[in-house]
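Novice: Let me begin by handing over the structure; questions about it come next.
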Amino acid sequence: MKNLKITSIVIAILISGSFSANAQLTGKQIVNKAYNLPSGDDKTSTLTMTLLNKQGKKRVRIIKQFTKDIGSVEKNIMYFLSPADVKNTSFMNWSYDSNKADDQWIYLPALKKTKRISSDSKSDYFMGSDFTYDDLGDRKLDADNHKLLRTQTINGTACYVVESKSKDEDYMYSKTITWINKSNFVGVKKEFYDEDGDLLKILTIKKSVKLSGFWVITHSEMKNVQKNHKTSIVLSNVKINTGVSDSKFTERMMMRGI
């Protein structure tokens with residue numbers, strides 16, 4: 001589910017892509033086509049992340065994000081600009097074309113050190129949001145068994161509905177179900193089920209646009225239905241193929257900031 005890492009979070013969580021054939025596709029073929037979605041060599045954007053708890057209290061965070069495809073690895077780095085309690089925190093993710101697990105780091109200014117995210121911590125929630133560290137990575141195609149359940153129209157949009165079940169019995173989600181626009185393969189909705197098979201979260205794509213020839217998700221919302229908590233992400237100032245430097249994606253830059 002590329003293209004969602006906070007866009008992009010949002011772009012590795014949700015399947016998006018482009019395919020014009022009308023032939024009957026299997027679930028895996030749909031996901032495979034989605035993974036080949038062109039997204040440009042690099043991208044910069046500003047993210048407005050809004051956290052809303054069950055009492056209706058809001059917390060708003062502003063983030064600057066950089067993403068670059070560097071050969072066999074896609075690198076993403078995010079810098080928190082505000083509010084003061086999270087300012088200068090940074091997060092970096094490297095996703096590999098191979099089956100190698102993502103590498104992730106977080107820099108916490110209060111500790112003045114960079115921490116590597118271990119595999120045991122991938123189920124932890126990122127900075128109080130409804131996205132886990134695992135959600136922020138790039139789910140590998142062959143990590144799941146994919147099944148096309150049906151086609152369905154949602155809000156006037158004809159979609160493929162694909163069920164994905166992890167091959168790893170210890171994975172944090174027992175399954176996910178994704179609705180994918182049949183005309184352009186942009187993700188519309190995704191449901192996450194917990195280890196007991198109960199609905200845990202729903203990711204809804206509120207808006208996606210085509211910029212410089214590439215589909216970009218510009219407004220998404222993750223709702224934890226069990227906790228009645230929401231995280232909204234709005235993308236702005238999106239720029240594609242501006243020549244972001246490879247040197248941007250290092251632990252030194254995480255500590256230095258933008």
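FYI, it's all coordinate maths here, none of it is from the lab. Bear in mind that the values here come from a model prediction, so they are computed numbers and not experimental data.
Novice: From the Cα trace of the chain, what convex hull volume per residue do you get, rounded to a whole Å³?
Specialist: On the way: hull volume 32.3 nm³, N = 258.
Hull volume normalised by residue count: 125 Å³.
Novice: Using the alpha carbon gyration tensor of segment 14-117, what are the three equivalent-ellipsoid semi-axes (square root of 5 times each eigenvalue), largest first, in whole Å? Write down the numbers at each step before the final one.
Specialist: Details: eigenvalues 203, 75, 33 Å².
Value: 32, 19, 13 Å, ordered largest first.
Novice: Right, here's the next one. Could you tell me how far the Cα centroid of segment 217-258 sits from the Cα centroid of segment 125-202, in Å?
Specialist: Result: 20 Å between the Cα centres.
Novice: Could you give the length gained by full extension between Asp198 and Gln55, i.e. 0.36 nm per residue of separation minus their alpha carbon distance, to one decimal place?
Specialist: Details: separation 143, 0.36 × 143 = 51.48 nm, distance 2.33 nm.
The span from Asp198 to Gln55 would gain 49.1 nm if fully extended.
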